[in-house]
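What follows is a single structure, written as structure tokens, with notes after it.
The values are calculated or read from the model by the stated rules, or taken from the named source; none is laboratory data. Predicted model only: the values in this text are computed from it and were never measured. Methodologically, a virtual Cβ is constructed for each residue, glycine included, from the backbone with ideal geometry; neighbour enumeration extends over all protein chains shown. The protein model used for the area step is the full one, side chains on, heavy atoms only, and it has no ligands, DNA or RNA in it. Shrake-Rupley method; radii C 1.70, N 1.55, O 1.52, S 1.80 Å.
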Amino acid sequence: HGSSAVVVASVAILYGVYLALTPPPPPQSDYGNKSTTTTQSPSGKEGKAPLLCPMEIINTFPHDDMAFTQGLVIHEGRMYESTGLYGESLLKEVDYLGSGKSIRETKLNAKYFGEGLAIHQDSFYQLTWREGLI
């Protein structure tokens with residue numbers, strides 16, 4: 001019993017040293033791969049599998065985790081957000097580099113569900129969900 005415990009402990013230590021000294025393998029990714037892998041869409045049509053792109057998080061910012069965000073636009077250094085839900089939909093300017101809180105906001109009529117957001121020539125365009133309005 002005693003010698004087998006020593007052997008197991010020795011193997012565990014050697015394996016730990018091996019792991020510590022061995023560089024990690026490169027991340028597995030199909031980025032840039034011209035693979036012919038196919039997938040099947042819900043409609044039954046075949047197509048190429050999407051490529052995986054490497055990403056790195058370089059910063060995080062505070063944000064209202066209760067906001068049902070539907071659209072985000074950064075324009076001239078300011079962030080504007082469109083949120084959804086009937087009776088809760090807003091168009092707001094957000095202090096995204098600081099507190100994450102609303103600087104100013106405009107509430108949509110409760111009968112509209114706010115969706116995407118765009119700015120064109122200093123005018124805001126907010127889409128609605130089922131109502132088909134801009």
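For the range 113-123, the criterion of being β-branched (Val, Ile, Thr) and at pLDDT below 85 is met by none of the residues. Within the range 46-99, the residues that satisfy the criterion of being under 19 Å from Ala110 (Cβ atoms), touching a strand residue (DSSP E or B) at 6+ places or on another chain (Cβ under 6 Å) and assigned to a loop (DSSP other than H, G, I, E, B) are Ala67, Phe68, Gly84, Ser89. For the range 113-134, a residue qualifies if it is in a loop (DSSP other than H, G, I, E, B) and either in contact with a helix residue (DSSP H, G or I) (Cβ under 8 Å, 6 or more places away or on another chain) or not small (Gly, Ala, Ser) (or both), and the qualifying residues are Phe113, Gln121, Asp122, Trp129, Arg130, Glu131, Leu133, Ile134.
Against the numbered list (1) small (Gly, Ala, Ser); (2) over 29 Å from Ile134 (Cβ atoms); (3) in contact with a Leu (Cβ under 9 Å, 6 or more places away or on another chain), Gly47 comes up short only at (3).
Residues in the range 25-84 that are aromatic (Phe, Trp, Tyr) and under 30 Å from Phe113 (Cβ atoms) were compared, and the one that is modelled with the highest pLDDT is Tyr80.
One residue stands out in the range 102-112 among those that are over 14 Å from Arg78 (Cβ atoms) and either outside any strand (DSSP E or B) or not hydroxyl-bearing (Ser, Thr, Tyr) (or both): the one that is least open to solvent (accessible area, probe 1.4 Å), namely Leu108.
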